[in-house]
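Here's the structure, in structure tokens; my notes come after.
Every read-out reported here was derived from the displayed coordinates using simple, explicitly stated rules and does not represent laboratory data. What you see is a predicted model; the values in this text were computed from it and never measured. Here the Cβ is made from the backbone with ideal geometry for all residues, glycine too, and neighbour counts use every protein chain on show.
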Amino acid sequence: MFGLGIIGLAIYAFTIYDVIISNFANQNDKLIWIIIVILLPFVGTILWFLIGRGKRI
């Protein structure tokens, strides 16, 4: 069980890193995605990989 927690934490950390290094047309989009991912960790991560990555430049 402990291994699943580490894997989840690694995916969450990668998601935050991926949002921060991504280029968006509007800086407000980056801020909104960071807030979504931080406030809604599980849902925010899923939304980022399904929707957010396609919005990058």
Counting pairs of alpha carbon atoms under 8 Å apart in space and at least six apart in sequence, what relative contact order in percent does the stretch 2-55 give? 31 percent
What nm value, rounded to one decimal, do you get for the distance between Asn23 and Phe2 when each label is placed 7 Å out toward the C-beta? 4.3 nm
Hydrophobic long helices for the chain, i.e. whole DSSP H runs reaching 24 angstrom or more by Cα along the axis with Kyte-Doolittle mean at least 1.0, come out as 2-21
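With runs of 4+ DSSP H residues as the only contributors, calculate the mean residue ellipticity of the chain at 222 nm using -39,500 (n - 2.57) per run, divided by the residue total and rounded to the nearest 500. The partial results should precede the final answer.
Working: 3 runs with 43 residues, N = 57.
Taken over the chain, the calculation gives -24500 deg cm²/dmol.
So if each residue of separation counts as 0.36 nm, and I subtract the Cα-Cα distance between Arg56 and Leu39, what length gain in nm does that give?
Details: separation 17, 0.36 × 17 = 6.12 nm, distance 2.07 nm.
Result: 4.1 nm gained on full extension.
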Output needed: percent of Cα pairs per 10 Å distance bin for the stretch 2-55, bins running from 0 to the one holding the longest distance. 26, 56, 16, 3
